[in-house]
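Trainee: Below is the structure I would like to discuss, written out as structure tokens.
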Protein chains: 2
Amino acid sequence: MDLKEKILSTEDNLFNGRIFKVKVHDIILPDGKPSKREIVEHHGGVGVIAVTPEREVFMVKQYRIAADEIMLEIPAGKLEQGEDPYAAGMRELEEETGYCTDKLEFLGEYYATPGYCTEKLSIYLATNLKYKGQHLDPGEFLSISKIPLYTLYEMVMNNEIRDCKTAIAILKAKAIIG
Amino acid sequence: MDLKEKILSTEDNLFNGRIFKVKVHDIILPDGKPSKREIVEHHGGVGVIAVTPEREVFMVKQYRIAADEIMLEIPAGKLEQGEDPYAAGMRELEEETGYCTDKLEFLGEYYATPGYCTEKLSIYLATNLKYKGQHLDPGEFLSISKIPLYTLYEMVMNNEIRDCKTAIAILKAKAIIG
């Protein structure tokens with residue numbers, strides 16, 4: 001069976017925000033029946049797990065209003081429309097941690113919630129870190145700490161990490177770096 | 001510094017869909033400046049990684065219109081408002097794979113995209129599977145296959161798995177089951 005759904009028409013800009021937009025497709029299901037699909041349009045994001053030679057990881061504590069909690073995450077940010085995720089990863093790493101690197105290792109591109117949201121999130125591993133100085137975006141308030149990679153791995157295994165990209169980055173970095 | 005943002009007022013129902021709603025908060029940032037936060041409200045989801053005694057995993061291939069691709073994912077579904085994620089995990093496992101179990105192991109509760117979306121996703125590990133018969137929701141079209149856990153682990157490490165919850169579930173199941 002062809003699993004693909006066919007789009008008949010689209011209502012655009014049902015919400016038109018700074019971070020995301022909303023549209024609704026009228027579609028035909030694989031069995032020929034009509035249905036609707038609600039879509040959040042987002043330009044995508046990037047996250048960077050930055051590991052020091054001592055196997056410590058730069059982690060960000062940040063209030064997340066959608067979760068209504070202070071969350072522990074890897075440095076991350078959203079892409080501007082059409083922005084290259086690799087360049088954005090370099091930028092976010094330096095802005096949030098104050099460190100830069102000469103090369104990021106690609107850890108994959110993920111859909112956060114592919115049922116209804118176009119956001120793709122690229123994850124990178126940064127090593128060979130050099131200090132340059134933190135410079136946050138206006139309106140960005142976060143605290144940075146260094147936590148041993150093994151401690152973070154244990155936190156993922158104990159279900160204490162609550163952000164998807166952060167859990168993936170820690171598990172993959174642990175598998176690669178050991 | 002107190003990282004929390006204070007909500008002054010909220011515009012609700014800027015989009016009011018079947019899958020999600022949109023609201024915008026007017027907030028005060030930690031430095032006292034005003035800003036806005038756009039929020040996608042979603043009831044949350046559940047995903048289940050079901051592993052056979054032969055260390056094979058039930059995987060779902062499904063067209064995802066937001067990604068415009070056929071994606072390989074663990075069985076998953078969205079919660080009804082207030083629905084218990086554990087019960088929903090039991091239901092989705094049986095509906096999508098035709099197998100049930102007597103106990104799910106909790107692998108964590110994750111925010112897919114905590115910057116702007118309230119969706120929390122609970123992930124469970126199912127073993128001790130017993131066949132009962134697949135019964136999909138109307139409008140749900142997917143194909144089920146069994147793939148060795150080790151093959152899936154290699155796919156995650158090679159950046160070939162593109163769904164967040166699926167990558168986390170595979171990496172954690174591999175760490176637990178071996």
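The values are calculated or read from the model by the stated rules, or taken from the named source; none is laboratory data. Please read these numbers as outputs of a predicted model, since none were measured by experiment. No Cβ is skipped: glycine too gets one built from the backbone with ideal geometry, and neighbour counts run over all protein chains shown.
Trainee: Based on what the data block shows, is residue A:108 at pLDDT below 95, out of contact with any Leu (no Cβ under 8 Å at 6 or more places or on another chain) and on the phi > 0 side of the Ramachandran plot?
Mentor: Working: at pLDDT below 95: no; out of contact with any Leu (no Cβ under 8 Å at 6 or more places or on another chain): yes; on the phi > 0 side of the Ramachandran plot: yes.
It is false that residue A:108 is at pLDDT below 95, out of contact with any Leu (no Cβ under 8 Å at 6 or more places or on another chain) and on the phi > 0 side of the Ramachandran plot.
Trainee: Next up: Do you know which residues across region A:46-80 are of a type in the set (Gly, Ala, Ser), more than 10 Å from chain B (Cβ to nearest Cβ) and touching a Gly at 6+ places or on another chain (Cβ under 9 Å)?
Mentor: A:47
Trainee: Based on this model, can you work out whether residue B:124 counts as within 13 Å of another protein chain (Cβ to nearest Cβ), within 17 Å of residue A:160 (Cα to Cα) and either among the β-branched types (Val, Ile, Thr) or free of Cβ contacts under 8 Å to residues at least 60 places away in the same chain (or both)?
Mentor: no
Trainee: Write out, first by first residue and then by second, each pair whose Cβ atoms fall under 8 Å of each other, whose residues are 6+ apart or on separate chains, and whose first residue, in region A:132-147, is part of a loop (DSSP other than H, G, I, E, B) while the second is surrounded by fewer than 11 Cβ atoms within 10 Å (Cβ to Cβ).
Mentor: A:139/B:33; A:141/B:1; A:141/B:31
Trainee: With the requirement that a residue be in contact with a helix residue (DSSP H, G or I) (Cβ under 7 Å, 6 or more places away or on another chain) and closer than 23 Å to residue B:37 by Cα, what does region A:45-71 give you?
Mentor: A:46, A:47, A:60, listed by residue number.
Trainee: Considering only residues that are more than 8 Å from chain B (Cβ to nearest Cβ), in contact with a Lys or Arg (Cβ under 8 Å, 6 or more places away or on another chain) and assigned to a strand (DSSP E or B), look in region A:28-45 and name the one that is surrounded by the most Cβ atoms within 10 Å (Cβ to Cβ).
Mentor: A:41
Trainee: If we keep just the residues of region A:107-135 that are in contact with a Ser or Thr (Cβ under 8 Å, 6 or more places away or on another chain) and farther than 24 Å from residue B:121 by Cβ, which is surrounded by the most Cβ atoms within 10 Å (Cβ to Cβ)?
Mentor: Checked region A:107-135; the qualifying residue surrounded by the most Cβ atoms within 10 Å (Cβ to Cβ) is A:126.
Trainee: Further question on the same structure: Tell me which residues, restricted to region A:14-27, are within 10 Å of another protein chain (Cβ to nearest Cβ) and either closer than 29 Å to residue B:141 by Cβ or in contact with a Ser or Thr (Cβ under 7 Å, 6 or more places away or on another chain) (or both). If you could, list the steps in order and put the result at the bottom.
Mentor: To start, the set of residues in region A:14-27 that are within 10 Å of another protein chain (Cβ to nearest Cβ) comprises A:14-25, A:27.
Within region A:14-27, A:14, A:15, A:20, A:21, A:22, A:23, A:24, A:25, A:27 qualify.
Trainee: Among the residues of region A:9-60, which ones are under 29 Å from residue A:100 (Cα atoms) and either among the hydroxyl-bearing types (Ser, Thr, Tyr) or modelled with pLDDT under 95 (or both)?
Mentor: Answer for region A:9-60, where residues must be under 29 Å from residue A:100 (Cα atoms) and either among the hydroxyl-bearing types (Ser, Thr, Tyr) or modelled with pLDDT under 95 (or both): just A:52.
Trainee: Okay, next question. If residue A:154 meets every condition in (1) at the interface with another protein chain (Cβ under 10 Å from one of its Cβ atoms); (2) within 18 Å of residue B:173 (Cα to Cα); (3) more than 15 Å from the chain's Cα centre (by Cα) apart from one, which number is that one?
Mentor: Condition (1) is where residue A:154 drops out.
Trainee: Let me ask something else about it. Pick out the one residue from B:140, B:96, B:160 that is buried (at least 18 other Cβ atoms within 10 Å of the Cβ), under 26 Å from residue A:4 (Cα atoms) and either within 14 Å of another protein chain (Cβ to nearest Cβ) or not charged (D, E, K, R) (or both).
Mentor: From the options B:140, B:96, B:160, the qualifying one is B:96.
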